[in-house]
């Protein structure tokens, strides 16, 4: 199985900012006008030389150089947060069909989406609170999809958690954290790096209040937690690549990328 690399993800982000992707233009004749500049492309995920992304509420796929653009979904509802399976054969995503946000999978070559979750969206929330059943990724063996949900929350706000659901169907299970926002599994699946707080769609610059996000590493075998050294400001969007954790922080005044090498022996934190 080949996981996406952090460098490839950065390349995808740079590609979206500079390359003239042909979305949604597929073919032209000599008399046709030149394609418009690339518009807002979001939530990229990379597998080898391919990138899946969201454009105009649908899931698309292309080569990293911007060629061979393919539209994978076309429903009137939103389809966002595409995530390649570890073998690249599937893409999990959050789809808004029949009024609810649910987790779906679709062959990466295209086809009919298959629904994995069925819990109704518990609260109608403003966009700043994000979507329900936000797809986060896969377990390393490719048998389960990881997603964030507020299905067990007693609040309309950000008391969410991370769940796993089998690609073969069945009831989702909590990953083991008390509460959680976005997170990512280590390459062996034994540890989870995540933010206990969720305010990913509230862009408060240089915020230092009680909702300033920090990051924890949860050991799924020992049920222990270790905290990544933090500051009063925000640490968020963690990604585990090899033995390092990469994340976004505005600890120096502007959101930028940082990396952290977890200790071999993790010490539990008292929260």
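As an exercise, use a Förster radius of 30 Å and the Cβ-Cβ distance of residue 65 and residue 87 to find the FRET efficiency, rounded to the nearest 0.05.
For R0 = 30 Å, the calculated efficiency reads 0.85.
In whole percent, what relative contact order does segment 98-211 give with Cα contacts below 8 Å and a gap of six or more residues?
Here the relative contact order equals 20 percent.
With a ≥ b ≥ c taken as the square roots of the eigenvalues of the C-alpha gyration tensor of segment 46-93, please select rounded if a/c is under 1.5 and otherwise prolate if a/b is larger than b/c or oblate if it is not?
Oblate, because a/c is 1.5 or more while a/b does not exceed b/c.
Could you list the square roots of 5 times each eigenvalue of the Cα gyration tensor of segment 218-268, that is, the equivalent ellipsoid semi-axes, sorted largest first and rounded to whole Å?
The equivalent ellipsoid of segment 218-268 has semi-axes of 22, 12, 9 Å.
Can you work out the FRET efficiency for the pair residue 112 and residue 201, with r the C-beta to C-beta distance and R0 = 45 Å, to the nearest 0.05?
For R0 = 45 Å, the calculated efficiency reads 0.95.
Taking a cut-off of 15 Å, what percent of all Cα-Cα pairs in segment 130-226 are separated by more than that? Intermediate values should be presented prior to the final figure.
Numbers: 2815 of 4656 pairs.
Tail of P(r) above 15 Å: 60 percent of Cα pairs.
Below 8 Å, C-alpha to C-alpha, sequence gap of six or more: please give me the relative contact order for segment 27-119 in percent.
17
Could you work out how far the C-alpha centroid of segment 146-205 sits from that of segment 53-119, in angstrom?
Here the two parts' Cα centres lie 20 Å apart.
Relative contact order for segment 176-271: what percent, with Cα pairs under 8 Å and sequence separation of 6 or more?
25
Compute the label zone of residue 141 within segment 185-218: residues whose backbone N is under 17 Å from the point 7 Å along Cα-to-Cβ.
Answer for this model: 185-192.
In which sequence would 79, 112 go, from the one with the fewest C-beta neighbours within 10 Å to the one with the most?
Least crowded to most crowded, the residues run 112, 79.
From the gyration tensor of the Cα coordinates in segment 176-271, what semi-axes in whole Å does the equivalent ellipsoid have, largest first, with each one equal to sqrt(5λ)?
Output for segment 176-271: semi-axes of 22, 14, 12 Å.
What ranking do 168, 237 get, fewest neighbouring Cβ atoms within 10 angstrom at the top? Display every interim value, and only then the final one.
Values: 168 8, 237 19.
Going from least to most buried by this count: 168, 237.
Any chance you could run the full-extension gain for residue 166 through residue 152? It's 0.36 nm times the residue separation minus the Cα-Cα distance, nm to one decimal.
Here the answer is 3.2 nm.
Values quoted throughout were computed directly from the atomic coordinates according to the rules given, and no laboratory measurement underlies them. All of these numbers come straight from a predicted model, not from anything done at the bench. Cβ sites come from the backbone with ideal geometry, for glycine too, and all protein chains shown count toward neighbours.
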